[in-house]
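Take a look at the structure below.
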Amino acid sequence: MKKIGLFYATKAERTSWVAEKIQKEFGEDKIEVVAIEQAWQNDFAAYDCFIVGASTWFDGELPTYWDELLPELRTMELKGKKVAIFGLGDQIRYPENFADGIGLLAEVFEGDGATLVGFTSSEGYTFERSRALRGNQWCGLVIDLDNQSEQAKKKIKEWCEQVKKEFA
Ligand SMILES: Cc1cc2nc3c(=O)[nH]c(=O)nc-3n(C[C@H](O)[C@H](O)[C@H](O)COP(=O)(O)O)c2cc1C
């Protein structure tokens, strides 16, 4: 059985809400939650697969704790590991940096040799630019609780089913 770790900044309120839903979808005994504010390289080494989540702040930057950890995260060796990324953003107020945090995390984990999974369609979102795009797809799950909160639960559920298969 593959060991799955879910890493996110627990003080980010909306990200926490999404993370809880993901944990429930996988089953609470199937996934271990790690607060990124307490995480260190060894915590990542302990898992075969990761789910990592972050909102976007400060016009296209990662929120507190993720941004502080970035230099450390860039030195990890994650070859053979799979990473699924989820992120939150606001497409109406920040159309030029929509959900950039996902793209930033994707660059870091790919640079460490990990394989990204959990890509989703960018249809149904309105924005100008995003670092989270790969062609027409998001390189993860994008949740906009500011403008499309009614879609969130369905998107999370479907993404978890997809990621479970891709982690297997
Ligand atoms: C000061 C500030 C800056 C933000 N910058 C961005 C941004 O550049 N891009 C984006 O997509 N969302 C941006 N957002 C929206 C947040 O990512 C969004 O509201 C998210 O749901 C917050 O989740 P959290 O409570 O877990 O941090 C910003 C929000 C605030 C308050």
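Here is a check on your reading of the model: is residue 120 touching a helix residue (DSSP H, G or I) at 6+ places or on another chain (Cβ under 8 Å) and over 19 Å from residue 162 (Cβ atoms)? Give the derivation first.
Details: touching a helix residue (DSSP H, G or I) at 6+ places or on another chain (Cβ under 8 Å): yes; over 19 Å from residue 162 (Cβ atoms): no.
Here the answer is no, as residue 120 does not meet what is asked.
So which residues in the stretch 28-47 are in a strand (DSSP E or B) and aliphatic (A, V, I, L, M)?
If we filter the stretch 28-47 for residues that are in a strand (DSSP E or B), which is where we start, we get 31-35.
Listed by number, the residues that qualify are 31, 33, 34, 35.
Would the stretch 69-91 turn up any residue that is farther than 16 Å from residue 9 by Cα, without any contact (Cβ under 8 Å) to a residue 60 or more places away in the chain and near the ligand (Cβ under 10 Å from one of its atoms)?
So far as the stretch 69-91 goes, yes, one or more of its residues are farther than 16 Å from residue 9 by Cα, without any contact (Cβ under 8 Å) to a residue 60 or more places away in the chain and near the ligand (Cβ under 10 Å from one of its atoms).
Picking from 25, 20, 37, which residue would you name as being among the acidic types (Asp, Glu), at pLDDT 95 or above and within 16 Å of the ligand (Cβ to nearest atom)?
20
Could you pull out the residue among 47, 125, 65 that is over 27 Å from residue 165 (Cα atoms) and more than 9 Å from the ligand (Cβ to nearest atom)? Working first, answer last.
On the way: 47 fails: over 27 Å from residue 165 (Cα atoms); 125 fails: over 27 Å from residue 165 (Cα atoms).
Just a single option satisfies the conditions, and that option is 65.
Looking at the stretch 40-49, can you tell me whether even one residue there is closer than 24 Å to residue 155 by Cα, touching a residue at least 40 places away in the same chain (Cβ under 8 Å), in contact with a strand residue (DSSP E or B) (Cβ under 6 Å, 6 or more places away or on another chain) and open to solvent by less than 30 Å² (accessible area, probe 1.4 Å)?
Yes, some residue in the stretch 40-49 is closer than 24 Å to residue 155 by Cα, touching a residue at least 40 places away in the same chain (Cβ under 8 Å), in contact with a strand residue (DSSP E or B) (Cβ under 6 Å, 6 or more places away or on another chain) and open to solvent by less than 30 Å² (accessible area, probe 1.4 Å).
Tell me the strands (runs of 3 or more DSSP E) entirely within the stretch 55-154 that contain at least 2 residues that are surrounded by 13 or more Cβ atoms within 10 Å (Cβ to Cβ) and modelled with pLDDT under 95. Lay out the reasoning, then the answer.
Working: elements: 82-88, 115-117, 141-143.
Output list is empty.
The values are calculated or read from the model by the stated rules, or taken from the named source; none is laboratory data. Please read all numbers here as calculations on a predicted model, not as lab measurements. Positions of Cβ are backbone-derived with ideal geometry, glycine not excepted, and every protein chain shown enters the neighbour counts. SASA here: full protein model, heavy atoms, side chains in, ligands and nucleic acids out. Shrake-Rupley method; radii C 1.70, N 1.55, O 1.52, S 1.80 Å.
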